[in-house]
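The values are calculated or read from the model by the stated rules, or taken from the named source; none is laboratory data. Source: prediction; values computed, not measured. Virtual Cβ from ideal backbone geometry, glycine too; neighbours counted across all protein chains shown.
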Amino acid sequence: MKTLDSGRTVAEMATENMARTRVFESYGIDYCCGGNVPLREVCERGGIDPDEILTALSACDEESSDDGIDLQNAGLVRLAGHILGTHHAFLWEELPRLDELHVHVCSHHAAQQPQLMKSLELFRALRGEMENHMRNEEQVLFPLCGPIMEGSTNEIRSAVNVLLDGYVEEHESIGQMLSEMRSIHRGYVAGEGMCRKQQALISRLENLERDTHLHVHLENNLLFPQMLRLSEQGAAPAG
Ligand SMILES: [Fe+2]
Ligand SMILES: [Fe+2]
């Protein structure tokens, strides 16, 4: 691994060791859609001491062991398989459950807390966008990984270019909805007297945000650049 340095981009450092994303999350630093910015600049904007972040990142490197798959060198097909099996599988299961939980909490508390109806409305829009987006990735984009590895054609190359631009835009829109959801729930801090179901709702919404940041990071900063590079190259090495 390269030396930790505040001149390097947040996305680059997150890609090098995925465990570092926990540090970025805890400081509210965007490492996925807006991650291509040097850490120094992000800290200046947010009034954070970069040395504090570098110390936390280095502690995180010491703690994290190499127990997962090496996603950086996994190859396109395995990387796409990991995203599907981990993040898409999580969302297909969690989104309908969160919908039910939302409806339950609204039916009991929306009269006293009108922002809950706003939350449900936004959640439904978010769910629709996420499910459409995943369906397209699963049916159109990810099946191109195998052919790209076998050697790209001009047809694949131009399809990848067009598709990726659209997916990156959709990631940004999903990220904005998640930020809006966070502000509706006042930073996901449990309020005084909040019932257990509502506490579960905000904790699971926060988990949805955390998982989606990692998911989008893997696609924007690892999968998509590899797809672009390999489809430009034509014949790709086996991996
Ligand atoms: Fe995805
Ligand atoms: Fe995506």
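For this structure, a couple of remarks:
- Cβ-Cβ distances below 7 Å connect the following pairs, each with a first residue in segment 115-137 that is within 13 Å of residue 212 (Cα to Cα), a second residue that is away from ligand 1 (no atom under 16 Å from the Cβ) and of a type outside the set (A, V, I, L, M), and a separation of six or more residues or different chains: 127/99.
- Scanning segment 150-167 for residues that are surrounded by 15 or more Cβ atoms within 10 Å (Cβ to Cβ) and within 16 Å of ligand 1 (Cβ to nearest atom) returns 160, 163, 164, 167.
- Only listed residue being within 16 Å of ligand 2 (Cβ to nearest atom) and surrounded by 15 or more Cβ atoms within 10 Å (Cβ to Cβ), chosen from 80, 74, 89, 56: 80
- Which listed residue is touching a Cys at 6+ places or on another chain (Cβ under 9 Å), away from ligand 2 (no atom under 16 Å from the Cβ) and without any contact (Cβ under 8 Å) to a residue 60 or more places away in the chain, from 40, 20, 45, 8: 20
- Being within 16 Å of ligand 2 (Cβ to nearest atom) and either under 22 Å from residue 140 (Cα atoms) or in contact (Cβ under 8 Å) with a residue 24 or more places away in the chain (or both) is a property that residue 95 has.
- Given (1) closer than 25 Å to residue 172 by Cβ; (2) surrounded by 13 or more Cβ atoms within 10 Å (Cβ to Cβ), index of the condition residue 106 fails: (1)
- Hey, residue 147 assigned by TED's automatic domain parsing to the domain that holds residue 90 and surrounded by fewer than 13 Cβ atoms within 10 Å (Cβ to Cβ) or not: no
- Scanning segment 179-200 for residues that are at pLDDT below 95, under 23 Å from the mean Cα position of the chain (by Cα) and among the aliphatic types (A, V, I, L, M) yields a total of 2.
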